[in-house]
Amino acid sequence: AQSVTQPDIHITVSEGASLELRCNYSYGATPYLFWYVQSPGQGLQLLLKYFSGDTLVQGIKGFEAEFKRSQSSFNLRKPSVHWSDAAEYFCAVAGPSGGYNKLIFGAGTRLAVHP
Amino acid sequence: GAGVSQTPSNKVTEKGKYVELRCDPISGHTALYWYRQSLGQGPEFLIYFQGTGAADDSGLPNDRFFAVRPEGSVSTLKIQRTERGDSAVYLCASSLAPQETQYFGPGTRLLVL
């Protein structure tokens, strides 16, 4: 069955520090890959997505992610974190086995930012 | 323009009662999705509509859950004989077409006492 693993439940970084959030997936083929962010009381907002092509994807708010097929990973990065980045981050996949319209989410990583 | 809206934002009900949750998708979006997010978890897919028809309802947990989209726009998720385990945030999303980016609403927080 398709699954998404986000190994880090909670991460704390200092403002201005770099950030990497990990995401690993289990899928029979290369799926579509997504990162969403959820702030308290807000809906899920799409940060970036990978369908095909260049494996380094640029998103909104200065985020980027790299698809590594050999590692079944799609890690999210940001070179310098801002206090407003504190939120919960979800990695998601969709693909032929489950249907491209069915997003399968990881359990999320909660990011705290220290001033 | 306006995003996906969901009403009510919060719903408290008693075990055994019937509830309806409403989703207004972004205007012109043909695809609509329902997800459920339990505390500390990522969203879980429930059902996907293309137009008026349910194209994939494989995520509905049992026959107490039902969803409709009679005119291809607004959708209602209906839960019969609610149980405490149904307590969760119910999220709705829409996309311009199938396989396009899904835009999420703020969710309805359901609490079953």
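Values for this structure:
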item	result
Matching entry among A:A92, A:A107 (being among the small types (G, A, S) and in a strand (DSSP E or B))	A:A92
Residues located in segment A:1-21, provided they are of a type in the set (D, E, K, R) and free of Cβ contacts under 8 Å to residues at least 60 places away in the same chain	A:E20
Those residues of segment B:89-104 which are part of a strand (DSSP E or B) and open to solvent by 10 Å² or more (accessible area, probe 1.4 Å), in sequence order	B:V89, B:Y103, B:F104
Among the candidates B:G107, B:G72, B:G85, residue that is within 12 Å of chain A (Cβ to nearest Cβ), out of contact with any Lys or Arg (no Cβ under 9 Å at 6 or more places or on another chain) and either touching a residue at least 24 places away in the same chain (Cβ under 8 Å) or loosely packed, with under 15 Cβ neighbours inside 10 Å (or both)	B:G107
Residue within segment A:79-95 that is on the phi > 0 side of the Ramachandran plot and open to solvent by 30 Å² or more (accessible area, probe 1.4 Å) present	no
Tally of residues being outside any loop (DSSP other than H, G, I, E, B), more than 12 Å from chain B (Cβ to nearest Cβ), aliphatic (A, V, I, L, M) and touching a Gly at 6+ places or on another chain (Cβ under 9 Å) across segment A:3-32	0
Residue that is nearest to the other protein chains (Cβ to nearest Cβ), among those in segment B:1-48 that are in a loop (DSSP other than H, G, I, E, B) and within 13 Å of the chain's Cα centre (by Cα)	B:P43
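The values are calculated or read from the model by the stated rules, or taken from the named source; none is laboratory data. Everything numeric in this text was worked out from a predicted model, so none of it was measured. Neighbour counts are summed over all protein chains in view; Cβ atoms, including those assigned to glycine, are modelled from backbone coordinates with ideal geometry. Keep in mind that these areas ignore ligands, DNA and RNA; they rest on the heavy atoms of the full protein, side chains included. Shrake-Rupley method; radii C 1.70, N 1.55, O 1.52, S 1.80 Å.
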